[in-house]
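This report refers to the structure that appears directly beneath it.
The values are calculated or read from the model by the stated rules, or taken from the named source; none is laboratory data. In this text the structure is predicted, and so the values were computed from the model without any measurement. Backbone-built Cβ (ideal geometry, glycine too); neighbour counts: all protein chains shown. For the accessible areas, the whole protein counts, side chains as well, though only heavy atoms, and no ligand, DNA or RNA atoms are used. Shrake-Rupley method; radii C 1.70, N 1.55, O 1.52, S 1.80 Å.
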Amino acid sequence: MNKSESKYFNTALLMNQALVELLNKKELEYITVKEICDKPGVNRSTFYLHYDTIADLVDECIENCNKKFLEYFTETTKEFLAKINNCSKDDLIFITPKYLYPYLKYIKENKVIHQVAVKHNKLMNSIKKFNSLNKYIFKPIFCRFNIDDKTENYMIAYYINGVTAIINEWIKNDCKDEIEYIANIIIECVRPKFNINQDNK
């Protein structure tokens, strides 16, 4: 990347950041090109050099957020999906430190992006992402355990809403608690260590 390309890329990145910050404060329809340009200190002509409309910037921003999220994980999507189909049932557990730590690290270092994704789930394609998550991860796992569709829907709601509630509470506290602590809370809620030999009292 030459100096000119680097400057072009950095300017686009600054406008991406400006959009995310603005979306955390207001709805998209009330955001103007001027506001997007004012934050990084660029002029309107620079904006239109990169994008035709704010919608184009939104699309780029979503794509960049997705790429950034995946960078926190060592496994590729292909490797992860292959593991679902090929590992033993005993290893078919993904609420573990291996997957939670990078996920929580991403949340902690990108709190504003996460807040925007929750607040503007339709705009940020959160429903589409959930459908992909459901199709490529949850369904294959539940299928291997022979869980019926009706039960599956309740279980997915429990996992998604429960984990999201913990993370939102963590963000309210400005992510001050350690990642390991939050990961342990999630694991304890999803996979509690009940002593099955203990008599009920």
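If Cys65 satisfies all but one of (1) open to solvent by 60 Å² or more (accessible area, probe 1.4 Å); (2) assigned to a helix (DSSP H, G or I); (3) under 19 Å from Asn110 (Cβ atoms); (4) modelled with pLDDT under 90, what's the number of the condition it fails?
(1)
Restricting the search to region 145-180, which residues are at positive phi and in contact (Cβ under 8 Å) with a residue 60 or more places away in the chain?
Hits for region 145-180 are Asp174, Cys175.
State the number of residues belonging to region 129-156 that are at pLDDT 85 or above, open to solvent by less than 50 Å² (accessible area, probe 1.4 Å) and either in a helix (DSSP H, G or I) or within 21 Å of Val118 (Cα to Cα) (or both).
1
Looking at Asp38, is it touching a helix residue (DSSP H, G or I) at 6+ places or on another chain (Cβ under 9 Å), farther than 18 Å from Gln115 by Cα and open to solvent by less than 70 Å² (accessible area, probe 1.4 Å)?
The answer is no for Asp38.
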